[in-house]
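Student: Provided herewith is a single structure, encoded as structure tokens, for subsequent inquiry.
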Amino acid sequence: MTALPGLSLPGLSLAPALAPSSTETRTQDLPAGSEYRFEVPFTRTLRLRILSGTAELFGTELAPNSKDAYTLSGTKGAVYTWHGCRLELAGEPESEYVAEETQMTSYANVHFALENAREKAGAQKEIGPRVLVVGPENAGKTSLCKILTAYATKSGRQPVVVNLDPRQGLLSIPGALTATTFASVLDVEEAGGWGSSPISGPSAVPVKMPLVYQYGLGSPEEGKTFRPLVTRMALAVTSRLEEDEQARASGCIIDTAGASSHGKGGVYENITHIISEFSVNVLLVLGSERLYSDLSRKFSNRPSEEPISVIKLDKSGGCVDRDETYMQQLRQSQIRSYFFGQGSNNLSPHTHWASYSSIKILKINDASAGVGSSFLPGDDDDVYGSTTASIYETVAPSPSILNCLLAVTNASMTDRHEAIRDSSIKGYIYVADVDETKEKVRLLAPLSGAIPTTAMVMGTFPEDVSGLVG
Amino acid sequence: MSLPSAEVAADFKDALQDLKINSRPEISNLTIIAKENTEHAQGISRELEKHIQTTRPEWKLPALYVLDSIVKNVGTPYTLFLGRNLYSTFMSAYAIVDASTRKAMEGLLKTWKQPVPESVDPRPVFSADVTRDIESALIKYRTVAIQQQALSQKQALQHAIPPRPPVGAPWRHTPSPSQTAARYTPTNDPRRQQLPLRDQFPPAPTPPPNHFPPPQQQRSFLPDMQPSIDLNKLNIDLDMLINTTKMEWASNPGDSHIQQKLKALIDLQTILKSQQLPPDQIRMIQQQIIQLSPAPAPTPPVSIAPPPYVTSIPPHMPGTSSWEAGGPVMGFHPPPSVRTPQPAIPPPGFDPAWLSSLLTSSTPTPFVSAPPSFPPPALPPPAAPSLAQLLQQYAPPPTPVAPPQPTPIGSADWLLQALNTHKLLPGTPSNGNDVELTTASIAKKSRPHLISKLYEALPNQCVTCGRRFESSPKGKEMKARHMDWHFKVKDPDVAKRGVHRDWYIGERDWIEFREEDEAAPAPVSNGTSAGGPAAAKKEAKDQYIHVPTDAALVHAPCPICQEKFEPQWLVEANDFVWMDAIKVNEKVYHATCWEEYSRGSGLGGGRGTPDSILGKRKAEVSSNGLYKKARTDL
């Protein structure tokens, strides 16, 4: 492969130019125990600053008297205050209001209950609580995970946060499943609101170190690679918790997709699988009476196994439905910021021309997915053993792969498909151009240097992003 | 309770939450809900009682009107359910609302003693024994009020100065302090209810002596009392007290008394910060603070008091037991659930400013043996139960009955006990965290003392990112390192440097990766901090040079592999560097390339043929033995 001199493209194809937001500021007083809810589209910004009091955004306390205001875009969020505060706001959110009825008291209580469990676990040198958050779409699962994570880090913990919702990325792009130990403050300004994975330069908010797996589909319910991946991730997370003394007592917090909570006739195969693989012992059911009833019946009284605390939580009144347009914009912004960074962290990805022959791309075999799942309903052991070579099919480079994202795995092309499936990934590259006559593709990689020769996997999710590179 | 009942009650509760003014349509709406759901009367009544007890003082009256409307328009079974706890519902509200609301509440009570207007039923709205208890509590209240006023009046006359409002009367409501006449009209004067707290108790046989120093004193200190309501000042005083106590504790970590006191104080601070208290309550807390402050030996307060009163103080006053036994405290028989936030006004000698100056000047040493050394003579006793009652209001399920506090007031034990009694410090004494992993324990119960673990317990905040640290020396060190880190990562030229995202680390590396806290003490060894397997193959890769400033060099690739160098931020160097790079004869090579090459070419003592493309080379490359990693792509 020829690595042409790296094309540095900072600022190219960044998010659509933000509409100039008015510089006019206004103040907003929040009484103790209330929250300021807002929705800012991707085309606008909201700048906020604390003038007095304390305030937190999904559990992450905002800096006081910060000279630089927090800039939020493409965010639907809420600033909550335990003690009352005065905010300075600038910009035009799509909607904004102050709500006095919130669920923060319950959510904070969850944190303190977990703290008790962590203390106990710490005293016995055991792994802390494994918390699973389930609930329908737009019930605030990810927000709850953020709150619990932020409170945990504030309390000096290092919980491992596991994202099993491919619809939105956590320190990676959508379609990926990640596990990350959070020891530092969340970056509320970042697309997704968690933070950034490591970059080659300094970062104002400490970077987080995620372990990333490629799933490549939009829902954990489709395809048969989800459960084996959960098994694999659980293994990695458990190993980490066992070996990492600082993180052990903190346990883990697992976020899931709303789709996993739909169930089929009261059976929730993926939830059951996650619970058994991660040895979940705290199950937080958000905003669904029925799901709570089904799950508590199933898991509250399990003789001969470790008891699971099934806890029902109300959905926050601030939860809003995020339509497909918004979700797509969110995905695109996460993909952009993977390559180009966001805000003051401008990143410089590199493009390379590579010949057709030098890249080998695998794609999840759609046909086998259907067959496999009907033959092997929910039986992971069989998935491991018997369905060799049918997980992926090879895709020859062609104009059809234009604008696709390829996950660069740590497995070799010659490895068994199971090994490729279970491999964590190094990152993503993007097919920026395909020259059919010269049989070359132009690839956008996050960094320069030779593109790894390991297996690359193409997913069907997230959808193609056009025009990432001009 | 069946599920629908819970739902109805929850709906009712939601509707109640919105009731903030005396709105006829809303109240009749709520009444209709209650009427249509008499089968859920129990749940609804409970929600209503709960709401009245927990809502803000200014919203209590509308809620009481709902209660009134329901019992009058619907009647049984609501009268039964609501009547059961009417005493506590009514009195707890009465204790913290303002004067006009109290008056309205008395009006309500009056109508409850009578039959429903235009009703054929001759029985009163609530049975007589329900209303009688409330009545008698109010009468007691009133009696004490009058006596108290008479007393202060007498004093005022004795000293031949213009009459003043009774000590402790709400200054803010009396534009002119000389409306003495009104004070004797017990029924209508709203200020009647605003009496100092001790007035709810039967009068002490003799007033606490130093409560009433000569009016001259009183006068001279009065100007200073006004600002004592100031919340900021209170916070500062409390802060100071906490700091002093912390110092005490630091010098005497084994003393559990001090520890308890500190905890109690911090909890109090939490309450202060997390709740909006009416000014009179704030004033009262301040009073308490002043008492808890390590006032320097009992002398100063006593010296202010006029000589005759001094004699009435037993000389061995500091002994708390004697205070309990012989002091005026004995005189109290608090009606169990009358809770008034009304402050017992500081004896004028207690100018807060004066006290805080004492506070700051006092050295911690004399107070190491903290609790017993608090000078009892300085305590206006009534303030103590009042704080207990004040705290009680913030107890999650307001307990209607405030048990008398047997512990010596003013001591840390006492404050702690007050907090404990009222479930502000529930559960285990170790950390006060009683939350269990059950839906019931988690649902909606507010625990401000736990929230303070996320805030007040870590008072030292970084203004750049909001991270909080303890105020201990260790916390300060951590913050200093944290600020250093902020400084290090601040680089205005970052954008120009071509920063890029790194590949994610692999599974094994991730499992072995350990998060590093930038505020933690420097790791033992810099090189291995990233941990794990990388450490073994570091040597060559770890060599770095600062990114050259010479333009020709910056763009030149490694002469061996023809790949360009990647600038990287290296915290240790505090600069952008080229990792895995080595400068030899004004050319920059990948250290690993160079190693490979020089080994192959026999440089530095290796085997192999002596010469190669590079021509001249010297011994700049040292210790080839260290180079282990080979670049396979050469």
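What follows is calculated from the coordinates using simple rules that are stated; it is not laboratory data. A quick note: this is a predicted structure, and the numbers were derived from the prediction, not measured. Heads up, the Cβs are rebuilt from the backbone with ideal geometry, glycines too, and the neighbour counts pull from every protein chain shown.
Student: For every other residue with a beta carbon closer than 11 angstrom to the beta carbon of A:Tyr97, add +1 if it is Lys or Arg and -1 if Asp or Glu, then tell me the sum. Intermediate values should be presented prior to the final figure.
Tutor: Values: positive: A:Arg37; negative: A:Glu35, A:Glu39, A:Glu96, A:Glu100.
Net charge in that neighbourhood comes out at -3.
Student: How much FRET efficiency would the formula 1/(1 + (r/R0)^6) give for A:Glu96 and B:Glu58, where r is the Cβ-Cβ distance and R0 is 25 Å, rounded to 0.05? Could the numbers behind the result be given before it?
Tutor: Numbers: r = 26 Å, r/R0 = 1.05.
The computed FRET efficiency comes out at 0.45.
Student: Got a sec to turn the phi values of region A:202-208 into Karplus ³J(HN,Hα) couplings, 6.51 cos²θ - 1.76 cosθ + 1.60 with θ = phi - 60°, whole Hz, x for Gly and Pro?
Tutor: x, 9, 5, 10, x, 6, 10
Student: Sticking with this one: For an R0 of 25 angstrom, estimate the FRET efficiency from the Cβ-Cβ distance between B:Lys488 and B:Asn460 and round to the nearest 0.05.
Tutor: 0.80
Student: Mean Kyte-Doolittle of at least -1.0 plus a Cα span of 18 Å or more along the axis: flag which DSSP H helices in chain A meet both, please.
Tutor: Numbers: long enough: A:104-123 (28 Å, -0.36); A:141-154 (20 Å, 0.16); A:226-243 (25 Å, 0.21); A:324-340 (23 Å, -0.92).
In chain A, the long hydrophobic H runs are A:104-123, A:141-154, A:226-243, A:324-340.
Student: Other chains' Cβ within 10 Å of A:191-199 residues: what's the mean?
Tutor: Numbers: counts 0, 0, 0, 0, 0, 1, 5, 5, 7.
Average per residue, whole number: 2.
Student: Starting from the 7 Å offset along Cα-to-Cβ, what nm value, one decimal, do you get for the label separation of A:Gln124 and B:Asp121?
Tutor: Those two pseudo-labels are separated by 5.7 nm.
Student: Relative contact order for region B:5-153: what percent, with Cα pairs under 8 Å and sequence separation of 6 or more?
Tutor: Values: 139 pairs, mean separation 30.3, N = 149.
For region B:5-153, the relative contact order is 20 percent.
Student: Under 17 Å from the Cα of B:Lys72, which aspartates and glutamates turn up, not counting those fewer than eight places away in the same chain?
Tutor: B:Lys72 reaches B:Glu26, B:Glu36, B:Glu49, B:Glu106, B:Glu118, B:Asp121.
Student: Also, quick follow-up: I want to check the label-to-label distance for B:Lys113 and A:Glu436. Put each point 7 Å from Cα in the C-beta direction and report it in nm to one decimal.
Tutor: 9.9
Student: Which whole-number percentage describes the relative contact order of region A:103-313, with Cα contacts under 8 Å and a sequence gap of 6 or more? Before the final figure, lay out the partial values.
Tutor: Working: 397 pairs, mean separation 59.6, N = 211.
Computed value for region A:103-313: 28 percent relative contact order.
Student: Expressed as a whole number of Å, what is the distance separating the alpha-carbon centroids of region A:387-463 and region A:51-105?
Tutor: That distance is 41 Å.
Student: Rg over Rh of region A:103-313, using C-alpha atoms and the Kirkwood radius, what does it come to? Let's see the in-between values first.
Tutor: Numbers: Rg = 16.0 Å, Rh = 17.1 Å.
Ratio of gyration radius to Kirkwood radius: 0.94.
Student: In addition: Residue-wise, which Karplus ³J(HN,Hα) couplings in Hz belong to region B:579-588, taking 6.51 cos²θ - 1.76 cosθ + 1.60, θ = phi - 60°, and x for glycine or proline?
Tutor: Those phi angles translate into 7, 6, 10, 8, 9, 10, 6, 6, 10, 9 Hz.
Student: Here is a follow-up. Need the full-extension length gain, B:Arg132 to B:Gln147, defined as separation in residues times 0.36 nm minus the C-alpha distance. One decimal, nm. Could you put the intermediate results ahead of the total?
Tutor: Working: separation 15, 0.36 × 15 = 5.40 nm, distance 2.23 nm.
Roughly 3.2 nm would be gained on extension.
Student: Here's a follow-up. Ratio of alpha-carbon Rg to the 2.2 N^0.38 Å globular estimate for region A:25-101, to two decimals, please.
Tutor: Numbers: Rg = 11.1 Å, N = 77, 2.2 N^0.38 = 11.5 Å.
Output field value: 0.97.
Student: For the pairs A:Lys125/B:Lys453; A:Lys141/B:Lys453; B:Lys488/B:Lys564; A:Lys120/B:Lys445; A:Lys125/B:Lys490, note any where the Cα-Cα span goes beyond 30 Å. Provide the component values of the computation, followed by the final result.
Tutor: Details: A:Lys125/B:Lys453 23 Å; A:Lys141/B:Lys453 24 Å; B:Lys488/B:Lys564 26 Å; A:Lys120/B:Lys445 23 Å; A:Lys125/B:Lys490 38 Å.
Result: A:Lys125/B:Lys490 exceed 30 Å.
Student: Hey, what did chain A get for relative contact order, percent, Cα under 8 Å, at least 6 apart?
Tutor: Values: 1032 pairs, mean separation 80.6, N = 470.
Reported as a whole number, the value is 17 percent.
Student: To continue, here is another question. Which distance in nm do the two modelled labels at B:Glu39 and A:Glu289 give, with both placed 7 Å along the Cα-to-Cβ direction?
Tutor: Taking the simple label geometry, B:Glu39 and A:Glu289 are separated by 1.6 nm.
Student: Next question. Between B:Leu80 and B:Ser23, take the C-beta separation as r, use R0 = 25 Å, and let me know the FRET efficiency to the nearest 0.05.
Tutor: Numbers: r = 27 Å, r/R0 = 1.08.
Calculated value: 0.40.
Student: Around A:Asp29, which amide H atoms from residues at least 5 apart in sequence, or from another chain, sit under 5 Å from its own amide H, with H modelled in the peptide plane?
Tutor: Under 5 Å from the amide H of A:Asp29 lie the amide H atoms of A:Leu87, each far enough along the sequence or on another chain.
Student: Something else now. For a test of the definition: using alpha carbon positions, the gyration tensor, and the 1.5 limit on a/c, classify chain A as rounded, prolate or oblate. Kindly include the intermediate steps, with their values, before the conclusion.
Tutor: Working: a/c = 1.83, a/b = 1.14, b/c = 1.60.
Oblate, because a/c is 1.5 or more while a/b does not exceed b/c.
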